Amino acid sequence: MMKRIFLTIILLFSAALFADDGFSLYIKKDYSGAYNAFYSKFATNNNDPLYSYNLGVTSEALGRKGEALYFYLQALQNAPDFPEAKNNLGIVAKDLEISIPKALTTPVFAVDALLVIFFISLYAFAAILSILCFKSDWRLKIMLLPVFLVMCVSATLYYLNYNENLKENWAVAVKGEILRSGPDSSLKEIGKIKEGEIINVVSSSGSWYKVKGFQDNVEGWVELGSIRAVKRGTL
């Protein structure tokens, strides 16, 4: 009995050890199998840019360019300097004639000029204040006001800009789809979104989403299966 259990454990371990992974399946040109293998890893950790990149390459091999564009874009959310993902994204976007908004190539928490100005003014304010603790000088007191104003204005503008970015819910149309006037397939056709198009999600109703095209600003309703939301990076 113990021998049988031991042999079963050995067989299970060997099967797991030599099982086909995404890379070996891709080399064998089993692209569907490779996609499923890569996606199982992506589903548990979609913050890893390598998983997204592998899915992008596999999606291209399957002829699903809209999905490939989504995965390359997703990879760049957490690794903005990923050269292969950036290069492949550019090629797919050019093939599909898609414009990529600048906001999607920069992580949400990226340091910008406003944040730099805020920290410089904060440092200057703290330095002047510390000097005043030991030396009372009216000129230093006058300097505090403009430095404080710069600090407040830069912090406010950065917050407003950051808040505005968070409100934008970006998505990619992984396939071409008809835009409806409302959340129902029987309603009037008012336009189309093409494969790979970048869109903003405006609102939702059940499995239907109201979206606005980035390039033409046309609004309409599509079903969830036609689009994939972009999870913004936080570097």
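We did not get these values from a lab; they are worked out from the coordinates using the rules stated. Here the structure is a predicted model, which is why all the values come from computation and not from measurement. Note: ideal-geometry Cβ built from the backbone for every residue, glycine included; neighbour counts use all protein chains shown.
Summary of values
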| item | result |
| --- | --- |
| Residues whose placed amide H lies under 5 Å from that of K192, excluding near-sequence neighbours | L179 |
| Cβ crowding within 10 Å averaged over residues, with 63-72, 145-154, 49-58 ranked highest first | 63-72, 49-58, 145-154 |
| Under-5 Å amide H pairs with G220, H placed in peptide plane, nonlocal only | V211 |
| Note, ³J(HN,Hα) from phi for the range 63-78, Karplus 6.51, -1.76, 1.60, rounded to Hz, x at Gly and Pro | x, 9, 5, x, 5, 4, 4, 4, 5, 5, 5, 5, 4, 6, 5, 10 |
| Karplus (6.51, -1.76, 1.60) ³J(HN,Hα), θ = phi - 60°, over the range 45-60, in Hz, Gly and Pro reported as x | 8, 7, 8, 7, x, 5, 4, 5, 4, 4, 5, x, 4, 5, 4, 4 |
